[in-house]
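Q: Once you've had a glance at the structure underneath, I'll fire off some questions.
The values are calculated or read from the model by the stated rules, or taken from the named source; none is laboratory data. Everything numeric here is computed off the predicted structure, so don't read it as measured data. All Cβ positions, even for glycine, are placed from backbone atoms using ideal geometry, and neighbour counts span all protein chains on display.
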Amino acid sequence: MPITQVELGAHVRKARDACRLTQEDVAVQLGLSRSAIALIESGQRRISSLELERLAYVLGRDVRSFLVEDFTATEDTLAALFRRHPDMGNQSELLAVLQKCLRLGREVTHLEALLELDRATTPAAMYPVREPKTRWDAIQQGERAAVEERRRLGLGDTPAPEMAAVLETQGVRTAVVDLPVEVSGLTLVDPAVGPFVVVNRRHVRTRRRFSYAHEYAHVLLDRDTNGTVSRTTEQEQLPEVRANAFAAAFLMPESGFRAFVASLGKGRESRSQADVWAEQGDPVRVRTRTVPNSQDIQMYDAVLIAHHFGTSTLSVIYRLKNLRLISDAEFEKLKADEPTKARTVARALSIPFGDQDGNAAWNEFVHRLLGLGIEAFRRDLITRAKLLELANLLDVPTADLETGLQDAGLECEPADVLVPEP
């Protein structure tokens, strides 16, 4: 039985309240007055289908969720994020990104369903853990989960593959978009989309790789929270400490890390002793001492290790300290030198350093979504206007898409009226 106008207005109000947005916040994004939103919520103003679609976008929901009788605002992903991060309502840039990411995830999911595509992926595992009580507790949980997940994936002690590919094979959608600088990544868990990890295109390649591993920890350990925004201002919170510990251990497994350090001729104790047992008589005691200063890890060692594991030099320096391969004094010196010396040392070793080009990963997502859209258009499963809407959402010029459709032999009639995204 269709819901009434009053019920629809009540659903809109519940969704808005769950996201902790004011009527004025919603009105500004929709280009309406605050009084118009008030009338819609009270059931005194009819809402058009276009306005409902734009409302769904602003509130991060599937438009169909407003039209069911048993409407539940608390299950919404955007609302869950607002509960975890109450100050997000005052961060318009971050809110806009979250709205867009949810829309992108739902669009690609909808197209795959239309085309009856099986993603052929294994659902990501879940590791039930209790809430950590201390930082040490959080670190231990993160490292244990990393060891177990590497074992489950059959990675051994080798460097992890491309992280986006790892996540995608585990049923986790990924994207790279421009986020506020203080946000390294975010994890969305939407009922219609599943886990969806987004990392910051503004960050360098090695940091994005670490962010993928960090968000993967949230997928494995914090999936019941519906989503997480990882910000530098919250990095001391225990779930963030746990996710960082997971990322370091997943990308730089202890055994593999120690083995690679040893291959550089470093990491041995300055003095070693062994007793060789014989069947008769006393054991033979052997002592050895390394050449003084030969085991001191230098900046070029850290750069080589970082290149091997695909991480930043700074994350390697912290890993060296945590595994007690360097002293506190050595850690402080390497950390102080890293901002000014790591890049020049990498250049001397002909090693690429801190590639900032995030377009490759983003373009791959664009190609995937637009490719599905064009195929759905070819089969008359979506309209041309819908295809142009997707292109607009992805910032792809309409003229380029129309030329591509013509060159692909697809009929291209005059453009429909395209309503800009809110």
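Q: Can you find even one residue in segment 208-222 that is more than 21 Å from Leu98 (Cα to Cα) and not aliphatic (A, V, I, L, M)?
A: No, there is no match, as no residue in segment 208-222 is more than 21 Å from Leu98 (Cα to Cα) and not aliphatic (A, V, I, L, M).
Q: For segment 66-75, name all the residues that are modelled with pLDDT under 80 and either assigned to a helix (DSSP H, G or I) or among the hydroxyl-bearing types (Ser, Thr, Tyr) (or both).
A: Our first condition is that a residue be modelled with pLDDT under 80; within segment 66-75, this holds for 69-75.
Thr72, Ala73, Thr74, Glu75 - these are the residues of segment 66-75 that are modelled with pLDDT under 80 and either assigned to a helix (DSSP H, G or I) or among the hydroxyl-bearing types (Ser, Thr, Tyr) (or both).
Here is a yes/no grid of residues against (1) within 31 Å of the chain's Cα centre (by Cα); (2) at pLDDT below 85; (3) in the same structural domain as Ala10 (by TED's automatic domain parsing):
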residue	(1), (2), (3)
Ile37	no, no, yes
Ser48	no, no, yes
Arg54	yes, no, yes
Leu59	yes, yes, yes
Val63	yes, yes, yes
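Q: Another question, then. List pairs: first residue in segment 329-355 and in the same structural domain as Leu314 (by TED's automatic domain parsing), second residue charged (D, E, K, R) and part of a helix (DSSP H, G or I) anywhere in the structure, Cβ distance under 7 angstrom, at least six positions apart or on different chains.
A: Pairs found: Phe331/Lys321.
Condition check ((1) modelled with pLDDT of 65 or more; (2) in contact with a strand residue (DSSP E or B) (Cβ under 7 Å, 6 or more places away or on another chain); (3) aliphatic (A, V, I, L, M)) across all residues:
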{"residue": "Phe246", "(1), (2), (3)": "yes, no, no"}
{"residue": "Leu251", "(1), (2), (3)": "yes, no, yes"}
{"residue": "Val261", "(1), (2), (3)": "yes, no, yes"}
{"residue": "Glu269", "(1), (2), (3)": "no, no, no"}
{"residue": "Asp275", "(1), (2), (3)": "no, yes, no"}
{"residue": "Glu279", "(1), (2), (3)": "no, no, no"}
{"residue": "Pro283", "(1), (2), (3)": "yes, yes, no"}
{"residue": "Thr288", "(1), (2), (3)": "no, yes, no"}
{"residue": "Tyr300", "(1), (2), (3)": "yes, no, no"}
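Q: Considering only segment 208-223, I want to know if a residue exists there that is over 20 Å from Gly105 (Cα atoms), assigned to a loop (DSSP other than H, G, I, E, B) and of a type in the set (Lys, Arg).
A: Scanning segment 208-223, I find no residue that is over 20 Å from Gly105 (Cα atoms), assigned to a loop (DSSP other than H, G, I, E, B) and of a type in the set (Lys, Arg), so the answer is no.
Q: Considering (1) more than 22 Å from Thr187 (Cβ to Cβ); (2) at pLDDT 90 or above, say which one Ala213 fails and leave the rest.
A: It is condition (1) that Ala213 fails.
Q: Test each condition in (1) surrounded by 14 or more Cβ atoms within 10 Å (Cβ to Cβ); (2) modelled with pLDDT under 90 for Asn359 and report the one that comes out false.
A: The single condition Asn359 does not satisfy is (1).
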